[in-house]
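Structure first, commentary second.
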There are 2 protein chains.
Amino acid sequence: MQTSELETPVPIVDFNIAKANIGRLQDYCDLHRIALRPHIKTHKLPFFAHEQIRAGAIGITVQKLGEAEMMAYTGITDILVTYNLLGVAKAERLARLTHLAKISVAIDNLSAVDWLALASKDAKTDIDILIEFESGGNRQGVQSPEAALELARKIRTHSGLRFRGLMTYPTTAASGEFLRSAIPLFNGADVQLEVISGGGTPSAYYNHELAPITELRAGTYVYNDRMMMAAGAARLEDCAFTILATVVSRPTGDRAIVDAGSKTLSSDQLSPGQGDGYGLLPDYPDATIARLNEEHGVIDVSLSKRKPEVGERIRIIPNHVCVVTNLHDQVYLHSGEEIIAKLPVSLRGKTV
Amino acid sequence: MQTSELETPVPIVDFNIAKANIGRLQDYCDLHRIALRPHIKTHKLPFFAHEQIRAGAIGITVQKLGEAEMMAYTGITDILVTYNLLGVAKAERLARLTHLAKISVAIDNLSAVDWLALASKDAKTDIDILIEFESGGNRQGVQSPEAALELARKIRTHSGLRFRGLMTYPTTAASGEFLRSAIPLFNGADVQLEVISGGGTPSAYYNHELAPITELRAGTYVYNDRMMMAAGAARLEDCAFTILATVVSRPTGDRAIVDAGSKTLSSDQLSPGQGDGYGLLPDYPDATIARLNEEHGVIDVSLSKRKPEVGERIRIIPNHVCVVTNLHDQVYLHSGEEIIAKLPVSLRGKTV
């Protein structure tokens, strides 16, 4: 079956580009003796998790327990959950999961420690804990090396929990600054930092310059997208994931409507100044996806010399591929134009 | 089971509010002798489609053939597809579907007519056709009454196709203007307009003033959301759909992190001037969901006198509920705080 035979709108993944992306970041990590622990939030596929591990990754990163469960159920045995897991239900699920895979959890507060301690009572083995710290993401994380050390000491009072080190997102110059204070502080307190985990595709190839990390979590690099191109982290030829859409209407000379709207492409936009619209059109570089309704994409073709016709297929590189895969029940893997697999996105919607 | 026992993040639907919403619009339509044909894009649930029909709706509206199929498979027998269906695969699927339900299709171009004619050759019955016209949505639709009449004449040359009338989205003053030209033009040409279909929740209760429509397609009214509140089409107490989230971190005094990010709430925003942030927080009216990562919501609580604590549950009314339901595999129906059903969102992801 050829890509041209697929009904649209449809997500397709170029297997060769994805494999090259996986290999390139692994080579970088190997060169700098950084352990690679890919974040699977982008592909949400056991298939690519196993590909990444075969290429040399030490395990995977997930954001949610439901993602960890699906990955453990499909044979992944080393999983870092970078999320505060609160409540008795999650503690019980986490404990069960330790029977199937080695689980680490990154947290940033005492309440999370208490729930992990509860989980550890039923767990098969100790649960490894990292502490998340703030390094400019303004999301979560402890705010100072001193707060990190205090939390580490609390973790060490629980017999079933094993403090392993620190984690941040994204890796930035601020990560380096934090660590230059934290490392001597922890050393002086005789609290070992076995793991320092950094993250993010945009800065992936600069981690060795930014901060003394031992482990890299990156997700988007497997597919790349228009945001990664805007960040200078990928070229068009590194983008493995495409939405194939069809022009369903040409109501005016300047407007083409495609069958891909916000339920296919998401409403994620680039940062101001990085580019307009809801996706990149490699075949129509002068056109802009000006607006999305749920199932309609409104393309402004006023600047395009050649205008697309009704029935024509159009390729779209998404702005932010991680949220786009999460809209689709399956992706088609292709080599050249031949379809080689229909992969169920089995972690799709696993937000809990 | 109580809503408080659900793991978060989780979408819950207040059954009584949804039923009242369904009843209120049905009453309006009955009063003005407008047929109601609800758009199921919002709930994507056979359950509520049947509720709407029991309340008096004449059938349903869907955007995609995959949605039509799932609805026909669950007992809905009158379905309007408001989409240009192109290509042999869709023609074959459409033909098959006519064996299960009465299908109408709204289209705006000749290529769509040709594919429908192909479908009609295999269909069990004639396929009813509406012509979509432009009325300010700047999406698709023929641009003039004359173009509509020309297309209607083409449709009437095909024996398996039955031209039924006109359709537009949204219903606006421009719809009225278009129709004031179109109706005499069609009458003069002896082409009957049995159906004039208007749409949209924001203007739902003004359709009788805006344009001489015979049928109303509205979707969002079943749940409502922050956009409908901003449009003056709903009050907070009319919002049936809520995301329950948990505060997982309080990294600073001014920031609370919840376990609902863009993979739970979508990135849809209100129009400029209508409101900031990624959802409404009824329990924290002075707080703003300032930023979303995929699985994190960053809430600015700097203006809140009472600040949420780690572990606390927070209710979120989504900005745009139609894309939010499409992110979730199930929704929980509740009456008061009691869970009365877990409904699989069986039309979720049916973009093809």
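For the stretch A:20-68, residues that are within 14 Å of chain B (Cβ to nearest Cβ) and touching a His at 6+ places or on another chain (Cβ under 9 Å) total 3.
Entry remark, the stretch A:13-37: residues being hydrophobic (A, V, I, L, M, F, W, C), within 18 Å of the chain's Cα centre (by Cα), farther than 16 Å from A:GLY198 by Cα and open to solvent by 10 Å² or more (accessible area, probe 1.4 Å) number 3 in total.
Beta carbons closer than 6 Å, at least 6 apart along the sequence or on distinct chains, pair a first residue in the stretch B:8-22 that is farther than 15 Å from B:GLN52 by Cα with a second that is among the small types (Gly, Ala, Ser) for B:THR8/B:ALA245; B:PRO9/B:ALA245; B:PRO9/B:ALA260; B:VAL13/B:ALA240; B:ASP14/B:ALA240.
Which ones in the stretch B:167-191 are farther than 17 Å from B:ILE129 by Cβ and either touching a Leu at 6+ places or on another chain (Cβ under 7 Å) or among the hydroxyl-bearing types (Ser, Thr, Tyr) (or both)?
Within the stretch B:167-191, the first condition is being farther than 17 Å from B:ILE129 by Cβ, and the residues that meet it are B:170-181, B:183-185, B:187-188, B:190.
If the condition is that a residue be farther than 17 Å from B:ILE129 by Cβ and either touching a Leu at 6+ places or on another chain (Cβ under 7 Å) or among the hydroxyl-bearing types (Ser, Thr, Tyr) (or both), then B:THR171, B:THR172, B:ALA173, B:SER175, B:GLY176, B:SER181, B:ILE183, B:LEU185 are the ones that fit.
Whenever a residue of the stretch A:193-206 is farther than 16 Å from A:ILE107 by Cα, its partners that are assigned to a helix (DSSP H, G or I) and β-branched (Val, Ile, Thr), lying with C-beta atoms within less than 7 angstrom and at least six residues away or across chains, give the pairs A:THR201/A:THR220. Per this entry, B:LEU193 is not counted among residues that are surrounded by 22 or more Cβ atoms within 10 Å (Cβ to Cβ) and more than 14 Å from chain A (Cβ to nearest Cβ).
Taking the stretch A:140-177 as the range and being buried (at least 21 other Cβ atoms within 10 Å of the Cβ) and over 24 Å from the mean Cα position of the chain (by Cα) as the test, the residues that pass are A:ALA148, A:LEU151, A:ALA152, A:ILE155, A:LEU161, A:PHE163. The requirement of being out of contact with any strand residue (DSSP E or B) (no Cβ under 9 Å at 6 or more places or on another chain), within 13 Å of chain A (Cβ to nearest Cβ) and farther than 22 Å from A:LEU347 by Cα is fulfilled nowhere in the stretch B:284-306; no residue meets it. Within the stretch A:263-294, the residues that satisfy the criterion of being over 20 Å from B:SER271 (Cα atoms), open to solvent by 30 Å² or more (accessible area, probe 1.4 Å) and within 24 Å of the chain's Cα centre (by Cα) are A:GLN274, A:LEU280, A:PRO282. Flag: B:PRO212 does not match the condition of being closer than 23 Å to A:ARG291 by Cβ and either in contact with a Cys (Cβ under 9 Å, 6 or more places away or on another chain) or surrounded by fewer than 24 Cβ atoms within 10 Å (Cβ to Cβ) (or both). Taking the stretch A:264-276 as the range and being part of a loop (DSSP other than H, G, I, E, B) and within 14 Å of chain B (Cβ to nearest Cβ) as the test, the residues that pass are A:SER266, A:SER267, A:ASP268, A:GLN269, A:LEU270, A:SER271, A:PRO272. Kindly indicate whether B:GLU177 is within 22 Å of A:GLY253 (Cα to Cα) and either at pLDDT 95 or above or within 14 Å of chain A (Cβ to nearest Cβ) (or both). No.
Among the residues of the stretch B:107-139, just one is open to solvent by 40 Å² or more (accessible area, probe 1.4 Å), under 27 Å from the mean Cα position of the chain (by Cα) and more than 14 Å from chain A (Cβ to nearest Cβ), namely B:ASP126. The C-beta contact set for the stretch B:38-55 (first residue open to solvent by less than 40 Å² (accessible area, probe 1.4 Å), second residue in a strand (DSSP E or B), distance under 6 angstrom, 6+ apart or interchain) comprises B:PRO38/B:ILE60; B:HIS39/B:THR61; B:HIS39/B:ARG217; B:ILE40/B:ILE60; B:ILE40/B:VAL62; B:LEU45/B:LEU343; B:ALA49/B:ILE60. Only residues that are under 19 Å from B:GLU92 (Cβ atoms) and part of a strand (DSSP E or B) were counted across the stretch B:50-72, and they come to 1.
May I ask you to verify whether B:GLU92 is touching a residue at least 12 places away in the same chain (Cβ under 8 Å) and buried (at least 18 other Cβ atoms within 10 Å of the Cβ)?
Details: touching a residue at least 12 places away in the same chain (Cβ under 8 Å): yes; buried (at least 18 other Cβ atoms within 10 Å of the Cβ): no.
Answer is no for this residue.
Take the conditions (1) of a type outside the set (D, E, K, R); (2) open to solvent by 20 Å² or more (accessible area, probe 1.4 Å); (3) within 12 Å of chain B (Cβ to nearest Cβ); A:TYR73 misses just one of them, which is (3). Within the stretch A:331-352, the set of residues being within 12 Å of another protein chain (Cβ to nearest Cβ) and surrounded by fewer than 16 Cβ atoms within 10 Å (Cβ to Cβ) comprises just one member, A:PRO344. Only residues that are in a loop (DSSP other than H, G, I, E, B) and either in contact with a His (Cβ under 6 Å, 6 or more places away or on another chain) or closer than 19 Å to B:ARG156 by Cα (or both) were counted in the stretch B:99-122, giving 2.
Taking the criterion of being at the interface with another protein chain (Cβ under 9 Å from one of its Cβ atoms) and either surrounded by 19 or more Cβ atoms within 10 Å (Cβ to Cβ) or under 12 Å from A:GLY279 (Cα atoms) (or both), the residues of the stretch A:231-260 that qualify are A:THR246, A:VAL247, A:VAL248, A:SER249, A:ARG250, A:PRO251, A:ARG255, A:ILE257, A:ASP259, A:ALA260.
The values are calculated or read from the model by the stated rules, or taken from the named source; none is laboratory data. This structure is a prediction, so every number in the text was calculated from the model and none was measured. FYI the Cβ positions are ideal-geometry reconstructions off the backbone, even for glycines, and counts take in every protein chain you see. Surface accessibility is based on the protein's heavy atoms, side chains included, excluding ligands, DNA and RNA. Shrake-Rupley method; radii C 1.70, N 1.55, O 1.52, S 1.80 Å.
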